[in-house]
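The structure appears below as structure tokens.
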Amino acid sequence: PPAAPPGVPPQQGYGYDDGYSEGQVYGGGGGRGRGGDDGRYDDDYDYRPAPNRGRRFKRILITLLVVVLAWGVGTYFWADSQLKHEVELSKVIERPAEGEGTNYLIVGSDSREGMTAQDKKRLHTGSAEGKRTDSMMILHTGSNGDTLISLPRDSNVEIPSFVGSDSGKKYPGTGRTTKLNAAYAEDGPELLVRTVEHNTGLRIDHYAEIGFGGFAKIVDAVGGVEINVEKPMKDEKSGADFDPGKHEMTGEQALAFVRQRYGLDGGDLDRTKNQQKFLSALANQTATPSTVLNPFKLYPTMGAGLDTLVVDEDMSLFDLAGMFWAMKSVSGGEGKSMNMPISGSVNGNLVWDKAKLQQLVEQLKNDEKVTVSDE
């Protein structure tokens, strides 16, 4: 462009700016310039909106919630896939009417499935083929306190008519009586449920069973369980060897504790009390926020036991959690634990007290507070 005459300031449009201004706003129709209230342009000003901290916090919170939800849903489906939904209660015939609350049949079996020869030797389980029931309990959950009732394996019961779990053939009842654990040995969980329902009149809503190996793994996964032993215990067959006092039991020791049958003053009835004591202590330690909310404890615990837990086809993880929380409430004094009331024995088998049994079942069916005693 041509040079401006001497002494005359350069005019607009020549592409030159020496910073000269008399306050007018070029190219505008009044109002403020981008640089400030006086209309002057400020090259050092970086124009950007103020940060919205509230919006950023909401995004972070939503992201965390999505992550937690995804973790929870993933955990649920993973854990549910580990359960063995193998028991078909639909095969059980002539069932009692449903009552109030929920009734679980909890079974400890002597299954050695998945155990090595070294495991069997260490846990004193022997190498018997197949599996039998080592303990049986009814857990009732309801609005008037939870009740845990042990069914001695030597209980004298009648084997009713039933449909074979594999054959589908109906076998008529003949009035034959035998030990309760023989029902399981004869045709598995379905016949055991049928026999318990027939002899009690109480409908079983859910079934849960765990074998020797799974039991020991769960105990070790939670870091052991503390049990107070009241009297000296020694049994070479089960491996139990405890002095009186508190013991932090490993899986091996816990299995020996619940399996001891010999050297107990009350025989099988004392054995069932030990089983109740231990299951309640295990539930009390497992069903806690420190375990449930800690993935480093939760996953090993579930991984150790869920794949050895046999349940009915309709049992969900929520049902399983409800079962554990109910056992915890029993151990915390909010419920009741007892043996099936006994009136005597026949041929070495324990006979249930019919009058007390009838009263007990009525209270459970109506979800009333249990007042029946096992003494």
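I'd like the residue in segment 251-301 that is in contact with an Asp or Glu (Cβ under 6 Å, 6 or more places away or on another chain) and modelled with pLDDT of 80 or more and, out of all such residues, is nearest to Thr133 (Cα to Cα). Working first, answer last.
So in segment 251-301, the residues in contact with an Asp or Glu (Cβ under 6 Å, 6 or more places away or on another chain) come out as 251, 260, 262-264, 268.
Keeping just the survivors that are modelled with pLDDT of 80 or more gives 251, 260.
On the way: Gly251: 19, Gln260: 14 Å.
Only one residue fits best here, namely Gln260.
Of all residues being touching a Gly at 6+ places or on another chain (Cβ under 9 Å) and of a type outside the set (Phe, Trp, Tyr) in segment 157-178, which is farthest from Val372 (Cα to Cα)? Just the residue, please. Quick ask: steps written out before the conclusion?
Filtering segment 157-178 for residues touching a Gly at 6+ places or on another chain (Cβ under 9 Å) gives 158-162, 165-166, 170-171.
Applying the additional criterion that residues be of a type outside the set (Phe, Trp, Tyr) yields 158-161, 165-166, 170.
Details: Glu158: 23, Ile159: 26, Pro160: 26, Ser161: 29, Ser165: 35, Asp166: 38, Lys170: 36 Å.
So, considering only residues that are touching a Gly at 6+ places or on another chain (Cβ under 9 Å) and of a type outside the set (Phe, Trp, Tyr), the one farthest from Val372 (Cα to Cα) is Asp166.
Counting only residues that are of a type in the set (A, V, I, L, M) and under 30 Å from Glu362 (Cβ atoms), how many does segment 197-232 have? Steps first, answer last, please.
Taking segment 197-232 first, the residues of a type in the set (A, V, I, L, M) are 202, 204, 208, 210, 216, 218-219, 221-222, 225, 227, 229.
In the following step, the residues that additionally are under 30 Å from Glu362 (Cβ atoms) were identified as 202, 204, 208.
Of the residues in segment 197-232, 3 are of a type in the set (A, V, I, L, M) and under 30 Å from Glu362 (Cβ atoms).
Taking only pairs six or more apart or across chains, which ones have beta-carbon atoms under 7 Å, a first residue in segment 150-168 that is free of Cβ contacts under 8 Å to residues at least 40 places away in the same chain, and a second residue that is surrounded by 22 or more Cβ atoms within 10 Å (Cβ to Cβ)?
Taking only residues 6 or more apart or on different chains, the pairs are Ile159/Ala183; Ile159/Thr195.
Out of Leu105, Leu123, Leu151, I need the residue that is at pLDDT 95 or above and either of a type outside the set (S, T, N, Q) or farther than 19 Å from Glu362 by Cα (or both). Which one? It would help to see each step written out before you state the result.
Numbers: Leu123 fails: at pLDDT 95 or above; Leu151 fails: at pLDDT 95 or above.
Result of the check over Leu105, Leu123, Leu151: Leu105.
So in segment 200-229, with the set limited to residues that are modelled with pLDDT of 95 or more and open to solvent by less than 30 Å² (accessible area, probe 1.4 Å), which one is farthest from Ala283 (Cα to Cα)? Can you show your working first?
Going through segment 200-229, the residues modelled with pLDDT of 95 or more turn out to be 200-207.
Okay, now just the ones that are also open to solvent by less than 30 Å² (accessible area, probe 1.4 Å), so 200-202, 204, 206-207.
Values: Thr200: 26, Gly201: 28, Leu202: 24, Ile204: 21, His206: 18, Tyr207: 17 Å.
The selected residue is Gly201.
Check segment 311-320 and report whether any residue there is at pLDDT 70 or above and of a type in the set (S, T, N, Q).
In the first step, residues of segment 311-320 are kept if they are at pLDDT 70 or above; the result is 311-320.
Now restrict to residues that are of a type in the set (S, T, N, Q): 316.
The answer is yes; a qualifying residue exists.
Given (1) modelled with pLDDT of 60 or more; (2) touching a strand residue (DSSP E or B) at 6+ places or on another chain (Cβ under 9 Å), where does Ser111 come up short, assuming only one miss?
Ser111 satisfies every listed condition except (1).
Could you check segment 230-252 and list, in sequence order, the residues that are open to solvent by less than 20 Å² (accessible area, probe 1.4 Å) and touching a residue at least 24 places away in the same chain (Cβ under 8 Å)? Walk me through it before giving the result.
Within segment 230-252, the first condition is being open to solvent by less than 20 Å² (accessible area, probe 1.4 Å), and the residues that meet it are 233, 235, 238, 240, 242, 249, 251.
Result: Met233, Asp235, Ser238, Met249, Gly251.
Could you check segment 155-178 and list, in sequence order, the residues that are open to solvent by 20 Å² or more (accessible area, probe 1.4 Å) and within 23 Å of Asp268 (Cβ to Cβ)?
Asn156, Glu158, Arg176, Thr177, Thr178 - these are the residues of segment 155-178 that are open to solvent by 20 Å² or more (accessible area, probe 1.4 Å) and within 23 Å of Asp268 (Cβ to Cβ).
The values are calculated or read from the model by the stated rules, or taken from the named source; none is laboratory data. Just so it is clear, the structure is predicted and the values come from calculations on it, not from any experiment. Heads up, the Cβs are rebuilt from the backbone with ideal geometry, glycines too, and the neighbour counts pull from every protein chain shown. Note: areas computed on protein heavy atoms with side chains; ligands, DNA, RNA excluded. Shrake-Rupley method; radii C 1.70, N 1.55, O 1.52, S 1.80 Å.
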